[in-house]
């Protein structure tokens, strides 16, 4: 089997614009999987429990492939003092909220993107506190932790788009909103993947 690039998203609404952009087709697997030629997309599900349950199946499916790069692409909450809505950020450090254990990622992107830390939480942050310096999501740390024994950390790229400012007590976000955040950033996402 040849070299491939694997995109991991949590939700279908994050996946749809990417599937459409790369003309990926549904593949029969025990998890949501789409692909074409050398680009594949798999959905991990939302939250640590789903990621930890599904990631071994994803890795098992791709064990005969040489994975040149894995991307985790999705939406995230952002620090309202530093970050902008609908802005795309390159994550260089992922932290598990409950333990403060962290991974530093060595991926280099020459696209002028701001590098930022991300904290993976177990449930939505509905009101920002200064504990969260950068981004928050519910999957990235568990994805990196689940991949680290199989994939070199310098082959993992995490790209997140700010969908809220950790203000979900005040702001209602729809699935359509989340999909639009990905859609509006598809040109740069495509550039990242095609240059991967």
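The values are calculated or read from the model by the stated rules, or taken from the named source; none is laboratory data. Treat the numbers as computed from the prediction; the structure is a model and nothing was measured. Using ideal geometry, Cβ is built from the backbone for each residue, glycine included, and neighbour counts are taken over all protein chains shown.
Considering segment 1-17 alone, what residues qualify as being assigned to a helix (DSSP H, G or I) and more than 12 Å from residue 72 (Cα to Cα)? Reasoning before the result, please.
Restricting attention to segment 1-17, the residues satisfying the condition of being assigned to a helix (DSSP H, G or I) are 12-17.
Scanning segment 1-17 gives 12, 13, 16, 17.
Results for (1) modelled with pLDDT under 90; (2) within 16 Å of the chain's Cα centre (by Cα); (3) closer than 22 Å to residue 92 by Cβ; (4) surrounded by 14 or more Cβ atoms within 10 Å (Cβ to Cβ), shown as yes or no for each residue.
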position: 164; (1), (2), (3), (4): yes, yes, yes, yes
position: 167; (1), (2), (3), (4): yes, no, no, yes
position: 174; (1), (2), (3), (4): yes, no, no, no
position: 182; (1), (2), (3), (4): yes, yes, yes, yes
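What is the number of the single condition among (1) touching a helix residue (DSSP H, G or I) at 6+ places or on another chain (Cβ under 9 Å); (2) in contact (Cβ under 8 Å) with a residue 40 or more places away in the chain; (3) within 20 Å of residue 160 (Cβ to Cβ); (4) not in a helix (DSSP H, G or I) that residue 41 does not meet?
(2) is the only condition that residue 41 fails.
Mind telling me which of the residues 154, 142, 149 ends up being out of contact with any strand residue (DSSP E or B) (no Cβ under 6 Å at 6 or more places or on another chain) and free of Cβ contacts under 8 Å to residues at least 24 places away in the same chain? Don't jump to the end; show me each part of the working.
Details: 154 fails: free of Cβ contacts under 8 Å to residues at least 24 places away in the same chain; 142 fails: free of Cβ contacts under 8 Å to residues at least 24 places away in the same chain.
Of the residues listed, the single one that is out of contact with any strand residue (DSSP E or B) (no Cβ under 6 Å at 6 or more places or on another chain) and free of Cβ contacts under 8 Å to residues at least 24 places away in the same chain is 149.
Given the conditions (1) out of contact with any helix residue (DSSP H, G or I) (no Cβ under 9 Å at 6 or more places or on another chain); (2) buried (at least 19 other Cβ atoms within 10 Å of the Cβ); (3) under 25 Å from residue 125 (Cβ atoms), which single one is not true for residue 80?
For residue 80, the exception is condition (2).
So residue 105 fits all but one of (1) surrounded by 17 or more Cβ atoms within 10 Å (Cβ to Cβ); (2) out of contact with any helix residue (DSSP H, G or I) (no Cβ under 7 Å at 6 or more places or on another chain); (3) in contact (Cβ under 8 Å) with a residue 40 or more places away in the chain; what number is the exception?
The one condition residue 105 does not meet is (2).
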